[in-house]
Amino acid sequence: MEELLDTFVHNSDLSIKTRLQNAGNVIVFTREEIEMMQARNLKGILKSLPMLSYRENRLGIPDPFYILQDLPFNSNSIRIYIDNQEVTSASYGSGLFFIGDIDIGFVDHIEVYSLNPSFEYSTEPAKYLIKLYSKVAQRDKGIKATLNYGNRGFNQEAIQYASVAEKISSFAYLSRVDDHRKTYQSFDHTLSKDKKQYYFFGTLNNKEHHLQIQSLENERDLFIGLSTDARPNLAQNKVRYHHVGYENYTVENLKLRVVAESSASKFLLSNDKELFRVSSHDELLTVDTQYRWHKTEKNELTIGSKIRYKHFITDQLQRNGFDFPDLEFDRQTISTLYFEDHYALTPQWLLTLGKQISKVHNNSEVKDDTLHLDRVGVVYSDHQWVSKTFFHNSEFLIEPYLYTTSGFVIKHHIEPEKVSNITHEFQYKKDAYECHVVLGYSKIKNMPTKISNGEIKNITDTLFQHFYYVDFQYEMDLYNSLYFGFSYVKNSNFDDLNDFNQYKSTIRLLDKLGRFDISNEIIYFRDTLPESYYFNRFETTFPNKNYFDYSTGVRYRYSDSLNFSLKGENLLDRAYNDYFERGRRNPLTKKWQYIDILQASPIEKRIYCGVEYFF
Amino acid sequence: MSLSLFGFDTSTASKIFEKIFTGIIHKEPVNVYTSNPTYQEVVKLSNSLELVAKPFLADIVLADSHNEIPKNYNGVIFTTNVSVFQTCQNTIGAFYWEHGRPKIYFLKQRLEIKKILLHETLKRYIVIKLP
């Protein structure tokens, strides 16, 4: 009987994977995998993804698309949802800015889509879409307390409560993280990424009504901050974020969703010459409706609309005690209409067509925009084979922070970034083996970049990206599995750089031996960008080329109500690095007079131990 | 649509209920009544269980909520809902998720009232008080 129960748990997880075939190119981390990997934090998942890596920018903020730029955030095209409600920042776009390194103790499973999935899952243009699904009260009834400790004084405490009444279920998760990160010595200054985070997540659900509440407070040291020579005297940030979302499913096939979000942030940044004080607060309201019409047995049409209203208020933007002039640009409204048609040509072949138009209205001299999103796909599926071809054409909004923060000057309109791509995926499954091959090609126009005088401009050249990804999963039995993934990304025509490549490979072994859950993972990474960038510009060679991040963990299930865990992360201390320029710029030409490279890994060598108790 | 699949493992659930019900009733097939469409599929999939159309024909009733308990039924009930297990006196056992794991419980006192002797493999799931 116990083996049957293990199979039931295992297959309940796997069923989540199989139902997503027509949604797009997706990678799923099941609950079993997350628990066995002992991923305490979202970055523990993001670092294991093919193609994408977890990175932190000059401000120490999670920013997977950070490449050399000193923008406060570069990853607004990675969108993040929790239970079908997007976490959004009015200024920065993606909620990854707030929750990119969140404690994921409340999460059941995670889906990561590359490019735009079906509009059923998200209507935001995205290069990557991360969907976190919270634990379901029906499956997690009771109270659970978790304590985790790590070296350098890391500590994380969480309590979870779930209950089910006849018609209503509730779930609540409260967590506190006090993260003491590795410090870096930069000349005579110490750079810190220490963070304190308080997070509450709660849901109240019945069959027809879903309510979600989130509240977050982050206090963090901002690593280098805005200091070009990496000698910050002060680099601190405090952010509060609140989210209330309501979904209604009273009418069959009709979804109605209203989400209100607010945030407040304070930045304090200084070096020997300058002191910046920036404080702002944002309000955001999103209302969307979606109707699925089963026209015939073979044809399903989804139509929907969404209105997003943003109000971003800069309370203080001060340099050396002097206020910057108030910006008139403080409101943005995005109205979206979309449709998607799924047509089953045969029981195996499915054709999908989607079109979305968004009108962006800005309240000041910032020009209005119209954004288009097109999605065409052909999916073949039988018992063993799946073949998916998708064509996407997306235009990305220029998020307000590019105009409003850090004194960026609005001199001209910034065109929306345009991305066209085609992907093809094969999937083969037989018995205990499963294999995916993904081939893709992207063309990127109007990518925004910051030029030396601080102004944001579109890159005039068209950038090209080829990407390939192969993965293989072998389920030896119910209790043991092996995963191997390899990805290759080639970027061409990228600004004034040579072509650069990224290679990433992950091997993961998950085993259950009696009461022990054992995980082993090694991630290999190589990025040729810093080699070419630094060599071309400064004739500086880049020492580290190959990175290995080895992590291992053991969880001991002492009883039904008590678990102990031990995990070592990046044990070889050779995980990939983020790289930062530091030096002195000529005050007139703004060009570097001298430069030095600071390397800092976002994944530090860490030992964690933990205990979970179920009441 | 042709490619959508369900998130419920009907096949394994069927094997689990087969073991539970044959371990309670000690005969084959066991006549099961349930008004729940998902669990009707679960019962139909098993060779050792027989789905019956009326509660009075059943050896056991499987209920997922209070509404699914037939009126004036005094026979043996098994549930997948903790609230039904806690409040309905005719419910001898339950199978539901708790702390992320599926759990099986039988309440000793109610088994004794119904004079049910469980199969050896199910005895480890007997509890003396409601969870």
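The values are calculated or read from the model by the stated rules, or taken from the named source; none is laboratory data. What you see is a predicted model; the values in this text were computed from it and never measured. Cβ: placed from backbone, ideal geometry, glycine included. Neighbour counts: every protein chain shown.
A:Gly142 meets the conditions (1) in contact (Cβ under 8 Å) with a residue 60 or more places away in the chain; (2) away from every other protein chain (no Cβ under 14 Å); (3) not hydrophobic (A, V, I, L, M, F, W, C) in every case but one. The failed one is (2). Checking the stated criteria, A:Ile410 turns out not to satisfy the condition of being modelled with pLDDT under 90, in contact with a strand residue (DSSP E or B) (Cβ under 8 Å, 6 or more places away or on another chain), within 24 Å of A:Thr460 (Cβ to Cβ) and aliphatic (A, V, I, L, M).
Answer yes if at least one residue in segment B:64-71 is of a type in the set (D, E, K, R) and either on the phi > 0 side of the Ramachandran plot or within 14 Å of chain A (Cβ to nearest Cβ) (or both), and no otherwise. Yes; the residues of segment B:64-71 include at least one that is of a type in the set (D, E, K, R) and either on the phi > 0 side of the Ramachandran plot or within 14 Å of chain A (Cβ to nearest Cβ) (or both).
Of the residues making up segment A:104-125, those that are assigned to a strand (DSSP E or B) and either within 16 Å of A:Ser265 (Cβ to Cβ) or not charged (D, E, K, R) (or both) are A:Val107, A:His109, A:Ile110, A:Val112, A:Tyr113, A:Ser114.
For segment A:320-338, the candidate set comprises residues that are touching a strand residue (DSSP E or B) at 6+ places or on another chain (Cβ under 6 Å), surrounded by fewer than 16 Cβ atoms within 10 Å (Cβ to Cβ) and in contact (Cβ under 8 Å) with a residue 40 or more places away in the chain; within that set, the residue that is nearest to the other protein chains (Cβ to nearest Cβ) is A:Phe324.
Whether a residue is in a strand (DSSP E or B) and modelled with pLDDT under 90 was assessed, and B:Tyr105 does not pass this test. Of all residues in segment B:87-101, none satisfies the criterion of being touching a residue at least 40 places away in the same chain (Cβ under 8 Å) and facing another protein chain (nearest Cβ under 8 Å). The criterion of at least 2 residues that are within 25 Å of A:Lys127 (Cβ to Cβ) and either free of Cβ contacts under 8 Å to residues at least 60 places away in the same chain or in contact with a Pro (Cβ under 9 Å, 6 or more places away or on another chain) (or both) is met by the following strands (runs of 3 or more DSSP E) wholly inside segment A:428-521: A:433-445, A:456-458, A:463-477, A:480-492, A:500-513. Reported count of residues in segment A:51-103, each being assigned to a loop (DSSP other than H, G, I, E, B) and either modelled with pLDDT of 95 or more or not β-branched (Val, Ile, Thr) (or both), is 31.
Yes/no per residue for (1) of a type in the set (Lys, Arg); (2) crowded, with 16+ Cβ neighbours inside 10 Å; (3) within 14 Å of chain A (Cβ to nearest Cβ):
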residue	(1), (2), (3)
B:Lys27	yes, no, no
B:Lys44	yes, no, no
B:Ala53	no, no, no
B:Val61	no, yes, no
B:Lys115	yes, no, no
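When the residues of segment A:102-128 are filtered to those that are of a type in the set (Val, Ile, Thr) and more than 13 Å from the chain's Cα centre (by Cα), the one that is surrounded by the most Cβ atoms within 10 Å (Cβ to Cβ) is A:Thr123. Only a single criterion out of (1) among the hydroxyl-bearing types (Ser, Thr, Tyr); (2) more than 14 Å from chain B (Cβ to nearest Cβ); (3) in a strand (DSSP E or B) is not satisfied by A:Tyr576, namely (3). Restricting attention to segment A:148-181, the residues being within 14 Å of chain B (Cβ to nearest Cβ), among the hydrophobic types (A, V, I, L, M, F, W, C), assigned to a strand (DSSP E or B) and touching a residue at least 24 places away in the same chain (Cβ under 8 Å) number 3.
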